[in-house]
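Okay, so here's the structure we're looking at.
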Amino acid sequence: MRDFPGPVGIRARSASGNRQAALEEIGFRERTMEKKGIVFDIKRFALNDGPGLRTTVFLKGCPLSCSWCHNPESRDFQPSLQFRADRCAACFRCVEACPEGAVAASGGLPVTDPELCCTRGRCTEACPTRAREIVGREYSVGEIMEEVSRDRVFYEESGGGVTFSGGEPLSQPEFLSAALSACRQEGFHTVLDTSGFAASELFIDTASLASLVLFDIKAIDPEVHFRLTGVYNKEILDNLARLSEEGIETIIRIPLIPGMNDDEKNIRETGAYILNLESVSGVELLPFHPMAREKHARFSIPYRGPEAESYPAGKRLKAEELLLSMGVNVSRGEAD
């Protein structure tokens with residue numbers, strides 16, 4: 001078993017009565033709790049982000065640009081402006097409130113120039129219908145622990161815990177490691193939900209702090225992966241192999257995107273790759289959800305994904321049966 005860095009080892013030494021070790025523990029805890037990161041959502045009572053009832057913390061920032069991304073607001077590392085046109089009363093108070101002049105009336109609605117917008121929130125404060133919202137704010141690890149600790153009883157009763165997702169949570173490695181360490185110290189089961197795209201040592205050191213890793217495989221062929229996500233997958237697959245070597249429990253997640261990665265060739269090659277990984281305890285199939293299009297529009301991000309209204313149940317079943325016929329342990333996940 002790996003030795004985990006952080007407060008676990010320090011706490012053990014303090015128990016021996018060593019005063020210096022106790023002081024080190026206090027100092028370490030204070031530094032850990034002060035670490036800060038940008039979070040865009042905290043979802044309570046999540047059922048599809050690991051075992052039991054969970055609190056999922058969504059971190060800002062992602063190096064991938066998946067064409068079907070279900071959380072496009074996560075891509076930027078800074079807070080983002082969300083605009084819901086269906087809520088807008090066209091009162092244009094936001095135009096008057098913006099000190100940068102980033103909002104202007106156009107076609108009967110307020111339109112924001114992203115080059116001028118500083119996301120200070122003056123327009124959101126002026127909006128009477130909450131059509132405008134700043135998504136993402138800075139949290140300290142201490143503040144995150146206050147949030148997740150409220151659900152302790154639900155973790156204990158359901159076998160749940162805390163999941164860190166994104167975006168790509170490893171895009172904020174210091175904050176993520178500190179948060180995982182703090183959760184471990186409280187005895188919370190932790191899950192890291194990741195694309196696997198990170199420097200090898202950073203990835204393994206951080207993943208080792210989690211009780212379970214949810215790992216996306218979007219495509220096996222490197223050229224297909226690049227076309228779909230904007231990055232090649234060698235580093236991703238290398239990190240997945242390291243997880244297996246280290247014996248870190250992993251569940252593979254395969255998003256099923258119509259016409260992009262749900263062909264038999266990719267499913268079969270993905271299944272064959274998974275069968276060589278000893279630490280993989282299961283595979284979840286996550287079908288495309290059409291909410292992706294609407295969410296892109298809210299954040300003025302061009303949408304490059306499929307136009308399908310829903311994912312065909314028959315295609316999902318076919319992919320599941322193919323993997324099962326190969327000996328892959330498949331469970332039914334749900335798209336986020």
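The values are calculated or read from the model by the stated rules, or taken from the named source; none is laboratory data. The model shown is predicted, which means the values in this text are computed figures rather than measured ones. Counting neighbours? That spans all protein chains shown, and the Cβs are built from the backbone with ideal geometry, glycine included.
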Log entry, pairs with first residue in segment 284-299 being part of a helix (DSSP H, G or I), second being of a type in the set (S, T, N, Q), beta carbons closer than 7 Å, six or more apart or on different chains, reads Arg298/Gln82
I need a count of the residues in segment 245-272 that are closer than 13 Å to Asn329 by Cα and more than 23 Å from the chain's Cα centre (by Cα).
2
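Quick one: in segment 278-306, of everything that is under 18 Å from Asp263 (Cβ atoms) and not aromatic (Phe, Trp, Tyr), which residue is farthest from the chain's Cα centre (by Cα)?
Residue satisfying both the conditions and the ranking: Pro306.
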Test Pro306 against the criterion of being under 30 Å from Cys88 (Cβ atoms) and at pLDDT 90 or above, and give yes or no.
yes
Would you please list the contacts, defined by Cβ atoms under 8 Å and residues six or more apart or on different chains, that run from a residue in segment 74-99 that is among the acidic types (Asp, Glu) to a residue that is surrounded by fewer than 18 Cβ atoms within 10 Å (Cβ to Cβ)?
Glu96/Ala126
Can you tell me which residue is farthest from Asn239 (Cα to Cα) among those in segment 149-176 that are surrounded by 22 or more Cβ atoms within 10 Å (Cβ to Cβ) and polar (S, T, N, Q)?
Thr163
Only one of Leu209, Leu243 that is in the same structural domain as Val148 (by TED's automatic domain parsing), within 28 Å of Leu53 (Cβ to Cβ), in contact (Cβ under 8 Å) with a residue 12 or more places away in the chain and not in a loop (DSSP other than H, G, I, E, B)
Leu243
Being of a type outside the set (Gly, Ala, Ser), over 17 Å from Leu64 (Cα atoms) and either modelled with pLDDT of 95 or more or not assigned by TED's automatic domain parsing to the domain that holds Ile257 (or both) narrows His189, His225 down to just His189
Among the residues of segment 290-321, which ones are touching a helix residue (DSSP H, G or I) at 6+ places or on another chain (Cβ under 9 Å), buried (at least 16 other Cβ atoms within 10 Å of the Cβ) and over 23 Å from Pro79 (Cβ atoms)?
Gly305, Pro306, Ala319
Phe197, sole failed condition from (1) under 21 Å from Pro63 (Cβ atoms); (2) in a helix (DSSP H, G or I); (3) touching a residue at least 60 places away in the same chain (Cβ under 8 Å):
(2)
